[in-house]
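We did not get these values from a lab; they are worked out from the coordinates using the rules stated. Predicted, not measured: the structure shown is a model, and the values here were computed from it. Note: ideal-geometry Cβ built from the backbone for every residue, glycine included; neighbour counts use all protein chains shown.
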Amino acid sequence: MARCKTSEVVSLAKNKNYDKKIFRLVSILNKLNGGGKVRSSQLAEEFNVSIRSVQRDLDLLNMTGFPLDMQEKGVYSFMSGFSLRKLMLTDEEASLLSFFHEIANSLGKNFSESFRSLVSKVLAKEDSSPFFVKLPGIPAHMKNFPFVKELEQAVQESQKILIKYESAKGLREHQLCPLKLVNFEGFWYLLAMPEGKRQFRKFRSEKIKALEVLDETFNPPRNLKTALERSVNIWFSEEPGEKILLEIDKDAAHYFKKKIYFPEQRIIKEKKDATLILQTQANHNEVLRTIIQWIPDIRVIQPKELDVKIKGLLKEYLKGSKPRWG
């Protein structure tokens, strides 16, 4: 078993995409470590990759334990007071930690947990360290994604597939056009379109019980890249949704200035009492859970239907019933 894992690590390390990733990580860390800021759009242009790829690099650094602070939308720096020099790490050493963090996650739970323990020790060599970084609790295992090679091929060659999927209604068969293998908050999904439909569906990786790659091909939707780049959670859809206005209380305003919680989020007004009026373009499922998470520091201004829906969900919860999200 150990020999097999070692060969996988060697294979991954030789992958040219990982070479490029290490180069990007070193470059980003070099810019940050001098007390500087990085702009995701400029990095994307410099590295000739998408903004989403740069965002994944930044997220990886953050998850590995190098705390980033968003100064404004798309602009990042190290958290005030943090530097690699204080940890006695070079840019190259820090980038390798991030690189192996990603590899460890792909090799399964035991490797991921061992590496998380190692990173914690490296980033806090003494108990007196002024920094503590809470790493994500759910590692993103590609090992838990069955049929990954078959799906990778089907996505790359735009081949239709037939899967057996375990749902609340039992084992069901679905003929799909596979679009991407996506990861949100540590969970892997297959993003696909049902046969004959132009709508996005997500299938949890571990619930795919059987798969057959078909000879028939399909044309991927033109809006796929746009939909993925504007997404902030797994509840995104093929359409951008409607304009939503939210009021953010002054006690929470700081967080919404620093982080993007909603698709196409932008502040359209800051009142004298520091309350924010925030606009997003999204479907209701994309914003429901986040809004509820921030109650009572958030209020829906429009549309009225969304406000009514949230109040209904909370009312059902308080009655002891199980709310229906759909």
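The alpha carbons of the stretch 148-282 occupy a box of 61, 29, 25 Å along the principal axes, longest dimension given first.
For the stretch 187-203, putting each phi into the Karplus relation 6.51 cos²θ - 1.76 cosθ + 1.60 with θ = phi - 60° gives couplings of 10, 8, 9, 9, 8, 8, 10, x, 3, x, 10, 10, 10, 7, 10, 10, 10 Hz, in residue order, rounded to whole numbers and with x for Gly and Pro.
Run the paramagnetic zone check for Q156: 7 angstrom along Cα to Cβ, then residues of the stretch 209-245 with backbone nitrogen under 19 Å. Under cut-off, by backbone N: 212-220. Note on the stretch 242-318: Rg/Rh from Cα positions, Kirkwood definition for Rh, rounded to two decimals, is 0.95.
Given a Förster distance of 30 Å, report the FRET efficiency between L318 and E247 from their Cβ-Cβ distance, rounded to the nearest 0.05. That gives a FRET efficiency of 0.85. Phi angles across the stretch 62-79 convert, under the Karplus curve 6.51 cos²θ - 1.76 cosθ + 1.60 with θ = phi - 60°, into 3J(HN,Hα) values of 5, 5, 6, x, 9, x, 9, 10, 7, 6, 7, 4, x, 10, 10, 8, 5, 4 Hz, Gly and Pro given as x.
Here the Karplus curve 6.51 cos²θ - 1.76 cosθ + 1.60, taken at θ = phi - 60°, turns the phi angles of the stretch 54-61 into couplings of 5, 4, 5, 4, 5, 4, 4, 4 Hz, with x standing for Gly and Pro.
Counted residue by residue at 0.36 nm each, then reduced by the alpha carbon distance between them, the extension gain from R266 to H254 reaches 3.0 nm.
E46 to K20: extension gain in nm, 0.36 nm per residue of separation minus the Cα-Cα distance? So the extension gain works out to 8.1 nm.
Here's how it looks for F218: its modeled amide H is under 5 Å from those of K160, which are all 5 or more places away or on a different chain.
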